[in-house]
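Colleague: Structure below; questions to follow.
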There are 2 protein chains.
Amino acid sequence: MITEVKTFPVAVSARHIHVSEEDLQALFGPDATLTWDFALSQPGQFAAKERVSIVGPKGVIHNVRVLGPVRAATQVEVSRTDAVKLGVSAPLRQSGDIENSASINIMVADKEVTIQQGVIIAQAHIHMTPADALALNVENNEWVAVEVESERPVTFRGVVVRVSEDFSLEMHIDTDEANAGFIEQQAQGKIIKSWT
Amino acid sequence: MITEVKTFPVAVSARHIHVSEEDLQALFGPDATLTWDFALSQPGQFAAKERVSIVGPKGVIHNVRVLGPVRAATQVEVSRTDAVKLGVSAPLRQSGDIENSASINIMVADKEVTIQQGVIIAQAHIHMTPADALALNVENNEWVAVEVESERPVTFRGVVVRVSEDFSLEMHIDTDEANAGFIEQQAQGKIIKSWT
């Protein structure tokens, strides 16, 4: 039986970093705060004007955007393509699950911080409210497959559902997933719960 | 009804270039020939030792491998990620179908060739013999969906079947598709002919 349900927006997350208060001060100076640039789709989240460079054993990526607000622990989200370029073994993880994830150096001008863990490849996920979950017939932490239509259509079969009153309905994928599926901003996804 | 069939190897094609005799001479000198490095999976095809740089309006990629033998027309196969970096609008095409595809400059040391067309993103495809096609229950030029298992499983829904006695059974995807699906060499694919 195939269960097809209503569609939702698919957003492409470029590489970015969430910083702890301690690392924010170390990189941008004492009493530094993040500078609001623009709001992100999830309530309260924003893109900051601050940028950092991330330096791995094999390569460096400049101009990585910091997202706010500040978090309890610094977390760097990269694509597999980025991880190969940097030379780091970033595991596939849900945001916040950084135990034993990859290490990296973070630099801003002459300041540098080394994080022992925190570099991950973000698991594709769908943010939604409890009402959305009811309408979509899914539960928090459920794994679903999502189809996206395009000139090069793919189905992502390992997508996790994340339900909270604080969320806004939107799927997040990384740039590798977007480029594989020729997915541009404004794309819509559709949950395929089962195809057997 | 779902029809599942036997699996086949999935190979990841990094960016590469096929050169015409004329462009080979222009880039590597009169009477230049391609230097065999190692055999590729498809009979008669080989990786040459020659490398070129490809230069687009927004960026350059060095060390792009030339594949042999020489072809009637020069063709550059890149990923969407590469195309963005280079600043070229490379269309999704089957190999050989380069009419009105993207232009680029190709450089080797102080020599340069500009191709007016030839830059494409290769459509994912499965090479197979007529006997394979019979066993897999598909036909030449048929479009199929292919599942690949991994830690980040995806289904590629726009894959074309290419049948010839000269082929060896193997699916070819590009690096964006591989990175999206965490697909390493030695991965196996499975055709899903229909899920409705």
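The values are calculated or read from the model by the stated rules, or taken from the named source; none is laboratory data. Everything numeric here is computed off the predicted structure, so don't read it as measured data. In this analysis, Cβ positions are derived from the backbone assuming ideal geometry, glycine residues included, and neighbour counts consider all displayed protein chains. Accessible surface areas use protein heavy atoms only, side chains included; no ligands, DNA or RNA. Shrake-Rupley method; radii C 1.70, N 1.55, O 1.52, S 1.80 Å.
Colleague: Considering (1) surrounded by 21 or more Cβ atoms within 10 Å (Cβ to Cβ); (2) over 14 Å from the mean Cα position of the chain (by Cα); (3) farther than 13 Å from B:Met107 by Cβ, say which one B:Lys49 fails and leave the rest.
Modeller: With (1) surrounded by 21 or more Cβ atoms within 10 Å (Cβ to Cβ); (2) over 14 Å from the mean Cα position of the chain (by Cα); (3) farther than 13 Å from B:Met107 by Cβ applied to B:Lys49, the lone miss is (1).
Colleague: Looking only at residues in the stretch A:97-147 that are in contact with a helix residue (DSSP H, G or I) (Cβ under 9 Å, 6 or more places away or on another chain) and within 14 Å of chain B (Cβ to nearest Cβ), which one is nearest to A:Ala26 (Cα to Cα)?
Modeller: The qualifying residue nearest to A:Ala26 (Cα to Cα) is A:Ile121.
Colleague: Considering only strands (runs of 3 or more DSSP E) fully contained in the stretch B:117-196, which possess at least 3 residues that are under 16 Å from the mean Cα position of the chain (by Cα)?
Modeller: It comes to B:125-128, B:154-163, B:170-174.
Colleague: Please state which one of B:Val55, B:Val108, B:Val113, B:Val66 is surrounded by 15 or more Cβ atoms within 10 Å (Cβ to Cβ) and within 18 Å of the chain's Cα centre (by Cα).
Modeller: The match here is B:Val66.
Colleague: Does the stretch B:13-20 include one or more residues that are farther than 20 Å from B:Glu177 by Cα and open to solvent by 20 Å² or more (accessible area, probe 1.4 Å)?
Modeller: no
Colleague: Sticking with this structure for a sec: Could you pull out every one of the strands (runs of 3 or more DSSP E) wholly within the stretch B:1-116 that has 2 or more residues that are closer than 28 Å to A:Lys85 by Cβ and among the basic types (Lys, Arg)?
Modeller: Those strands (runs of 3 or more DSSP E) span B:46-55.
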